[in-house]
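The values are calculated or read from the model by the stated rules, or taken from the named source; none is laboratory data. Keep in mind the model is a prediction, meaning the values are calculated, not measured. Here Cβ is always computed from backbone atoms with ideal geometry, including for glycine, and neighbour counts include all displayed protein chains. Side chains are part of the model used for accessible areas, which takes the heavy atoms of the whole protein and leaves out ligands, DNA and RNA. Shrake-Rupley method; radii C 1.70, N 1.55, O 1.52, S 1.80 Å.
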Amino acid sequence: MMVRPNLILVEGLPGSGKSTTAQLVQEILNDRSIHSHLILEGNLDHPADYDGVACFHKEEYAEMLNALEHSFRALINERTTRIGDNCFLEYRKLFDELGSSVPDALRQACAVRDIYELSLDQNRQLIVDRWKQFVECAVHGSDVYVFECCFIQNPVTIGMIKYDAETEDVISYVLELASAAEKLNPLLIYVEQNDLDYSFRKAVDERPRQWSEGFIDYYTNQGYGKLQGHSGLEGTIQVLKARSELEQIIFNRLPIAKVKINNSSFDRDQYKRALKGIITERMSAGQ
């Protein structure tokens, strides 16, 4: 028996159309007068993940503060959340406000302690705890949350791409997130493309050069890509193919409601109709 989801997870490879899909899902929910929250990749206020946040142990945090001028300390404290022995600093928001006046020492400290630069074990613990906190709040409401690419993509990126971790370690990370989200009856929508090579090259052509250069560097100069000897655009596509294989394994093993949808035509109207059928069926469940 299907259950109405309060969390819709949109996943897929870069260039597959995840952002478009997530936005269309919210449009469809709005058309049905269902109140929803759309959380796209890069959202600095993500309720279940961290973006632009550094995590310091309280002793590291105190040491970092003491190394800075007094005028910065109050501002940094305002952007810091303390949970147990950890201090979470929303540094991206702070840096966006301060611009070039941010001390180099602070930039370097935050770069090293960014949650997605920590060890895989540390990252996993912090992210799973964050998801659990989100679920415990969201489960008491009726709103639907639409998350783009923080469910499968992020664990795969840090696990496989950054650290070339064991396959089972990456899979178990995603399964743990699925377990944490269980109370929200999550629905996973996985966006597919017939031609990975074409869709990624299309994204490279359409997006800023800075994005593609950063992406290629991340995918080929560390972890899996570096160990496999991949380089440049062609090497990045090979890493993406390996990532795709892993994500299909993860998809098949997830014990949650899930569906694949093909976006190869890039026909927005046709695609929205297909999505509407999926969302209508799921949102009518239990009513």
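The figures follow:
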| quantity | calculated |
| --- | --- |
| Using θ = phi - 60° and Karplus 6.51 cos²θ - 1.76 cosθ + 1.60, couplings along segment 66-73 (whole Hz; Gly, Pro as x) | 5, 7, 9, 5, 4, 5, 8, 5 |
| Ser264 long-range amide H proximity, modeled H, under 5 Å | Asn194 |
| ³J(HN,Hα) computed for each position of segment 256-262 - Karplus, 6.51 cos²θ - 1.76 cosθ + 1.60, integer Hz, glycine/proline x | 10, 4, 7, 8, 9, 9, 9 |
| Degrees, to the nearest 10: 232-253 long Cα axis against longest axis of the chain | 60 |
| In order through segment 210-225: 3J(HN,Hα) via Karplus (6.51 cos²θ - 1.76 cosθ + 1.60), integer Hz, x for Gly, Pro | 4, 5, 5, 5, x, 5, 4, 4, 5, 7, 10, 10, 7, x, 4, x |
| Size of electric dipole in the chain: Cβ of Lys, Arg +1 and of Asp, Glu -1, about Cα centre, debye, nearest 20 | 740 |
| Which listed pairs, of Lys58/Lys226; Lys18/Lys258; Lys162/Lys272; Lys132/Lys272, have C-alpha distances above 23 Å, in listed order | Lys58/Lys226; Lys162/Lys272; Lys132/Lys272 |
| Gain upon complete extension [Cys137, Gln228; 0.36 nm per residue less C-alpha separation] | 28.5 nm |
| Computed E for Val102/Val128 - FRET, C-beta separation, R0 45 angstrom, nearest 0.05 | 0.90 |
| Whole-Å distance, taken between Cα centres, linking segment 30-79 and segment 84-125 | 8 |
| Approximate spin-label separation Asn194-Glu213, in nm, with each point projected 7 Å along Cα-to-Cβ | 3.5 |
| Inter-label distance for Lys93 and Ser244, nm, one decimal - labels placed 7 Å from Cα along Cα-to-Cβ | 3.8 |
| Average accessible surface area per residue within segment 1-69, 1.4 Å rolling probe, Å² | 43 |
| Computed magnitude of the charge dipole of segment 123-207 (debye, nearest 20; Cβ of K, R +1, Cβ of D, E -1) | 260 |
| Cβ-placed point charges (K, R +1; D, E -1), dipole of segment 1-125 about Cα centre in debye, nearest 20 | 320 |
| Extreme residue, positive dipole direction of segment 94-224, given options Ala178, Ile127, Thr167 (C-beta unit charges) | Ile127 |
| Amide H partners (placed H, <5 Å) of Lys258, local residues excluded | Leu188 |
| Carbon and sulfur %, accessible surface of the chain computed with the full protein complex present, 1.4 Å | 46 |
| Asp205 paired with Arg32, simple spin-label distance in nm, labels 7 Å along Cα-to-beta-carbon | 3.6 |
| Amide H partners (placed H, <5 Å) of Ser36, local residues excluded | Val144 |
| Chain lengthening between Thr81 and Ser265 when straightened (0.36 nm per residue, less Cα-Cα) | 61.8 nm |
